[in-house]
Amino acid sequence: MATISIEHLDDITVFSVSGQLCFDEFVDAIKNKYHTVTTHIIWDFTNGNLEGINQDTFRTVLSVAKECRPFNGKGKTAYVSTDDRNFWMTCLFAITANTSMPYPYKVFRTIDEAIKWMNS
């Protein structure tokens, strides 16, 4: 079970995950919190992990995200992870997202790198 905290940094909404994120928690956060997103999203897995999510369930997560976040033409989504397993898992997720979502997705090792990308 994970805890997800949300922080707004100007036009960036950061979802910080602590613990093991399961599919239902991921979907619940999107359904109940994406309406608060202004432009960009960072999913920070520095203190969390994605062992409860696989490539197939991630496709469902993307479908929910597409429903809950209308395309505004400039939003970006970043995944941040320092753990190698999570990093490579989020790389796979980003590849999947970039083929089906209107927003660009990218993976980083630090929040600062993600913010720099979003502001570029």
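Brief remarks on what is shown
- Residues (surrounded by fewer than 16 Cβ atoms within 10 Å (Cβ to Cβ) and part of a loop (DSSP other than H, G, I, E, B)) located in segment 65-103: PRO70, PHE71, ASN72, GLY73, LYS74, THR82, PRO102
- Checked against the criterion of being part of a strand (DSSP E or B) and either of a type in the set (D, E, K, R) or surrounded by fewer than 16 Cβ atoms within 10 Å (Cβ to Cβ) (or both), segment 29-41 has no qualifying residue.
- Residue match in segment 13-24 (condition: acidic (Asp, Glu), part of a helix (DSSP H, G or I) and in contact with a strand residue (DSSP E or B) (Cβ under 8 Å, 6 or more places away or on another chain)): no
- Within segment 104-120, the set of residues being in contact with a Ser or Thr (Cβ under 9 Å, 6 or more places away or on another chain) and in contact (Cβ under 8 Å) with a residue 60 or more places away in the chain comprises ILE111, MET118.
- Cβ pairs under 6 Å, 6+ apart, first in segment 13-37 and farther than 18 Å from ASP56 by Cα, second part of a strand (DSSP E or B) and aromatic (Phe, Trp, Tyr): PHE15/TRP43; VAL17/PHE45
Here, each number is a calculation from the coordinates, and none is a lab measurement. Everything numeric in this text was worked out from a predicted model, so none of it was measured. When we count neighbours, we look across all protein chains shown, and the Cβ atoms used for this are built from the backbone with ideal geometry, even at glycine.
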